[in-house]
Amino acid sequence: MATRLKVALVIGTRPQIIKVALLLPELRKHFEVILINTGQHYDYGMNDIFFKELNLKSDYNLGTTDRLKMEKRLTKILIKEKPKAVIVVGDTDSTLVGALSSVKLGIKLVHIEAGLRSFDKTMPEEINRIIVDHLSDILFCPTKTAMRNLKKEGLKGYLIGDLQTDVQLHFANNSSTKQL
């Protein structure tokens, strides 16, 4: 049996945890996935409860909200695990740290939710989006608008649909308590 390619999936916030609840099982069908939680959202109500309710378990928890500590700890893990690619989702500090760590180590970078823009550079998330997109090797876009944004910046993305919408539909259709 052939060895599966190892990838690291870096998350750290509640929305990312919820989104990977659907993404992770699909990735694991094709790859050996190392799930790394930075701990950006660190309290029970923002982190642990979602891991518990969604039946997720991280392989590593960096346990910090500090970007420099996050990057140092993540870099050590990536050196140890030697993934062929790092996958990041969205526009958070965890996303940025995952991108910076992977690029510094020469590891391929995949950005999911690429190309989203608010065009407001006073927002930290907008800066993160732009930096991560320009560092990434593979860009997966949720919308045609995101694809056009990347094209204007000289980048090429792949339209895969909106992970957030997929999650909402999945949990709405599979909820045991339907709301009126």
Spans of helices (runs of 4 or more DSSP H) in region 35-139 with at least 2 residues more than 20 Å from Leu24 (Cα to Cα) and touching a helix residue (DSSP H, G or I) at 6+ places or on another chain (Cβ under 6 Å): 67-81, 93-104, 124-135
Number of positions in region 17-33 that are over 12 Å from the mean Cα position of the chain (by Cα) and surrounded by 17 or more Cβ atoms within 10 Å (Cβ to Cβ): 2
Subset of region 57-115 (residues that are surrounded by fewer than 22 Cβ atoms within 10 Å (Cβ to Cβ), in contact with a strand residue (DSSP E or B) (Cβ under 7 Å, 6 or more places away or on another chain) and either polar (S, T, N, Q) or at pLDDT below 95 (or both)): Ser58, Asn61
Of the criteria (1) touching a Ser or Thr at 6+ places or on another chain (Cβ under 6 Å); (2) free of Cβ contacts under 8 Å to residues at least 24 places away in the same chain, which one Met123 fails: (1)
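Among the candidates Leu139, Leu163, single out the residue that is touching a residue at least 60 places away in the same chain (Cβ under 8 Å), within 16 Å of Ile87 (Cβ to Cβ) and either surrounded by 10 or more Cβ atoms within 10 Å (Cβ to Cβ) or more than 21 Å from the chain's Cα centre (by Cα) (or both).
Values: Leu139 fails: touching a residue at least 60 places away in the same chain (Cβ under 8 Å).
Exactly one of Leu139, Leu163 is touching a residue at least 60 places away in the same chain (Cβ under 8 Å), within 16 Å of Ile87 (Cβ to Cβ) and either surrounded by 10 or more Cβ atoms within 10 Å (Cβ to Cβ) or more than 21 Å from the chain's Cα centre (by Cα) (or both), namely Leu163.
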Close pairs (9 angstrom Cβ cut-off, 6 or more residues apart or separate chains): more than 14 Å from Lys52 (Cα to Cα) in region 14-25, among the hydroxyl-bearing types (Ser, Thr, Tyr) and assigned to a helix (DSSP H, G or I) anywhere: Gln16/Ser94; Gln16/Thr95
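The values are calculated or read from the model by the stated rules, or taken from the named source; none is laboratory data. Note that the coordinates shown come from a computational prediction; the quantities given were computed from them, not determined experimentally. With ideal geometry, Cβ positions are generated from the backbone for all residues, glycine too; neighbour counts draw on all protein chains shown.
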